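Chemist: Here it is, the structure, as structure tokens.
The values are calculated or read from the model by the stated rules, or taken from the named source; none is laboratory data. Small disclaimer: the values here were computed from a predicted structure and weren't measured. So basically every Cβ, Gly included, is an ideal-geometry build from the backbone, and we count neighbours across all protein chains shown. Heavy atoms of the whole protein, side chains included, go into the accessibility calculation; ligands, DNA and RNA do not. Shrake-Rupley method; radii C 1.70, N 1.55, O 1.52, S 1.80 Å.
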Amino acid sequence: MKSRAVRAATAIAAVSAVAAGCSLSDGDGGTQQTPTVTLVTHDSFLAPQEVLDAFQKQSGIKVSVLKQGDAGSLTNKLVLTKANPIGDVAYGVDSTFASRALKEGVFEPYTSPEADRGPQRYAVDPEHRLSAVDVGDVCVNVDTNYFTSKGIPAPASYDDLADPKYKDLLVAEDPATASPGLAFLLGTIAKYGESGWKDYWTKLKANGVKVVSGWEEAYTKDFSGSSGKGPRPIVVSYASSPAAEVGDDGKPRTKALLDTCYRQVEYAGVLANGKQAENARKVVDFLLSQQFQATVAANMYVYPARQGVDLPAGWAQVAPLPQKPQALTADQVQAGREKWIGEWRSLVQ
């Protein structure tokens, strides 16, 4: 799944701290090794080096970043290695996979002192094993220039996507292999219910929806509103995607359809059976801190979970956070995810 976000589209190279070669004075003329905490995350993680350096200076902890693909690959890896984890703390398990990670016992309980400053709004676990770091709602995006040039009104809703006038214009991701594809499927289930979502997808299939394996292929190759200038002007992407498509005139070339959004939250947690639980907790605190939260929008194209954090200039106009997104509870997702994906495959593929 992630290549999972438009935030990854403009991210340059992720910053990783390395574990070797750093020491601190122990106060008696000797030295001691700087503790290194391994942060397991997705491929689109990006934090300014100066912010990581400031955390190391303040805490004495070095953060080593270990990337494990998109949100789905990350979750799978954490589950498979839970008895002997590959790191100490993880960030990037999102709300479509959180229930699986919790059921598998990947994380241990920890309530950060920073959690009551906004992240608690997105809590999914009474044991507080996961803390919300950011929000990245999945929404249908449209290439506004395409529809203006064709003299056709752009779609605005789920129902519109099945309208014959938009035949062969939508590209979406496979929910079995891509986080935004799964979020879009869950959004249609939340919208139409168990009794209606299959009929809706039958209509989408008849209307020529193209399904590809991942977000990067959909957005950067098939979507006409991105740098790839593909053939399809409607794509499943993110509410924040238009912020990356602002032209020289200060106006975005694309628009997110806010009535087609599904709430997606990314979480961090201390890995159970890790070797540095105490220091891992401090890294979770850091991810929820004002200093780190102030970087997530500009660097990863997501909305900070912490309240009171300013967004980049213009986001309120070009990339507002959806106010009424579709959503399912973690228990609903856990109970239905594999069944729904199987039914979707039989129906669409």
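Chemist: Out of ALA239, ALA277, ALA305, I need the residue that is open to solvent by 20 Å² or more (accessible area, probe 1.4 Å), touching an Asp or Glu at 6+ places or on another chain (Cβ under 9 Å), of a type in the set (A, V, I, L, M) and more than 20 Å from LYS167 (Cα to Cα). Which one? Break it down into steps so the answer makes sense when it comes.
Modeler: On the way: ALA239 fails: open to solvent by 20 Å² or more (accessible area, probe 1.4 Å); ALA305 fails: open to solvent by 20 Å² or more (accessible area, probe 1.4 Å).
From the options ALA239, ALA277, ALA305, the qualifying one is ALA277.
Chemist: What's the number of the condition GLY225 fails, among (1) under 19 Å from ASP174 (Cβ atoms); (2) open to solvent by less than 10 Å² (accessible area, probe 1.4 Å)?
Modeler: It fails just one condition, (1).
Chemist: Same structure again: Is at least one residue of segment 153-166 modelled with pLDDT under 95 and more than 23 Å from VAL135 (Cβ to Cβ)? Outline the logic, then answer.
Modeler: Our first condition is that a residue be modelled with pLDDT under 95; within segment 153-166, this holds for none.
No, there is no match, as no residue in segment 153-166 is modelled with pLDDT under 95 and more than 23 Å from VAL135 (Cβ to Cβ).
Chemist: Then there is this: Just checking, how many residues over segment 251-274 are modelled with pLDDT of 95 or more, more than 29 Å from PRO35 (Cα to Cα) and open to solvent by 20 Å² or more (accessible area, probe 1.4 Å)?
Modeler: Qualifying residue count, segment 251-274: 4.
Chemist: For segment 217-229, check the following and say yes or no: at least one residue is farther than 29 Å from ALA313 by Cα and out of contact with any Gly (no Cβ under 8 Å at 6 or more places or on another chain).
Modeler: No, there is no match, as no residue in segment 217-229 is farther than 29 Å from ALA313 by Cα and out of contact with any Gly (no Cβ under 8 Å at 6 or more places or on another chain).
Each row is one residue, and each column tells you yes or no for (1) surrounded by fewer than 24 Cβ atoms within 10 Å (Cβ to Cβ); (2) without any contact (Cβ under 8 Å) to a residue 60 or more places away in the chain.
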| position | (1), (2) |
| --- | --- |
| HIS128 | yes, yes |
| SER131 | no, no |
| VAL138 | no, no |
| LYS150 | yes, yes |
| PRO164 | yes, yes |
| LEU170 | no, no |
| ALA178 | no, no |
| ALA190 | yes, no |
| LYS198 | yes, no |
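Chemist: In the set GLU104, GLU114, which member is over 19 Å from ALA335 (Cα atoms) and open to solvent by 40 Å² or more (accessible area, probe 1.4 Å)? If you could, list the steps in order and put the result at the bottom.
Modeler: On the way: GLU104 fails: over 19 Å from ALA335 (Cα atoms).
One residue alone meets the criteria, GLU114.
Chemist: Can I ask one more? Confirm whether GLY27 is part of a loop (DSSP other than H, G, I, E, B), modelled with pLDDT of 80 or more and of a type in the set (Gly, Ala, Ser).
Modeler: Values: part of a loop (DSSP other than H, G, I, E, B): yes; modelled with pLDDT of 80 or more: no; of a type in the set (Gly, Ala, Ser): yes.
Against the criterion (part of a loop (DSSP other than H, G, I, E, B), modelled with pLDDT of 80 or more and of a type in the set (Gly, Ala, Ser)), GLY27 does not qualify.
Chemist: Given the residues SER237, SER226, which is the only one that is in a loop (DSSP other than H, G, I, E, B), in contact with a helix residue (DSSP H, G or I) (Cβ under 6 Å, 6 or more places away or on another chain) and closer than 20 Å to SER44 by Cα?
Modeler: Result: SER226 is the single residue among SER237, SER226 that is in a loop (DSSP other than H, G, I, E, B), in contact with a helix residue (DSSP H, G or I) (Cβ under 6 Å, 6 or more places away or on another chain) and closer than 20 Å to SER44 by Cα.
Chemist: Count, please, the residues in segment 170-185 that happen to be over 9 Å from GLY72 (Cβ atoms) and in contact with an Asp or Glu (Cβ under 9 Å, 6 or more places away or on another chain).
Modeler: Selection size over segment 170-185: 6.
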